[in-house]
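Below you'll find the structure, written out as structure tokens, and then a few comments.
The values are calculated or read from the model by the stated rules, or taken from the named source; none is laboratory data. Here the structure is a predicted model, which means the values were calculated and not measured. No Cβ is skipped: glycine too gets one built from the backbone with ideal geometry, and neighbour counts run over all protein chains shown.
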Amino acid sequence: MTRAQAAKGGSAEGTPRAQAAEGGSAEETPRAQAAEGGSAEETPRAQAAEGGSANKLRGEASILVAGRACLLRPSFDALVRAEEELGPLFALVERAGEGQLKLAEIAALFWHCLVDRAVPREQVGEAVMALGLARCTAPLRILLSQILKGTG
């Protein structure tokens, strides 16, 4: 939306500037993340450097599996599959918030959300171990946030 449209009474609601002006989450802009001390790993520039093309505004994330960036997209189908294995998603989010999420649950959620379903599940588990919990937190947070917020 242009400034002229906003001046005429148009809604700037969907723009990152408007969200920040209205007290919205700074999480939606890479600059705001960097200003808040966010990880460079989460910025589009860093994702592009890793070969990923995750769109955080759509709830996508990426992880390195066997040396290549793999896109995680929490689609309805992916989340239904994850829920069938891991139980209710709200309970999964609660366990994550309490620090009670198991490595196997993180790997399973990542695997179900992979866009490239040809990646073996064992490789995703190995990637979680190779990245470590600290570096898995960023993509996990993005996925869990999308589960809670939805696309609307």
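Points worth noting:
- The residue pairs whose first member lies in the stretch 70-90 and is outside any loop (DSSP other than H, G, I, E, B), whose second member is acidic (Asp, Glu), and whose beta carbons are closer than 7 Å, counting only pairs six or more residues apart or on different chains, are Cys70/Asp116; Leu71/Glu60; Leu72/Glu60; Leu86/Glu105; Leu89/Glu83.
- Test: residue in the stretch 13-33 that is of a type in the set (D, E, K, R), under 16 Å from Ile147 (Cβ atoms) and modelled with pLDDT of 75 or more: no
- Identity of the residue in the stretch 98-143, without any contact (Cβ under 8 Å) to a residue 40 or more places away in the chain, of a type in the set (Lys, Arg) and closer than 15 Å to Ser62 by Cα, that ends up surrounded by the fewest Cβ atoms within 10 Å (Cβ to Cβ): Arg117
- When each of Ala82, Ala127, Ala118, Ala91 is tested for being of a type in the set (A, V, I, L, M), more than 18 Å from Ala54 (Cβ to Cβ) and modelled with pLDDT of 95 or more, the lone residue that passes is Ala91.
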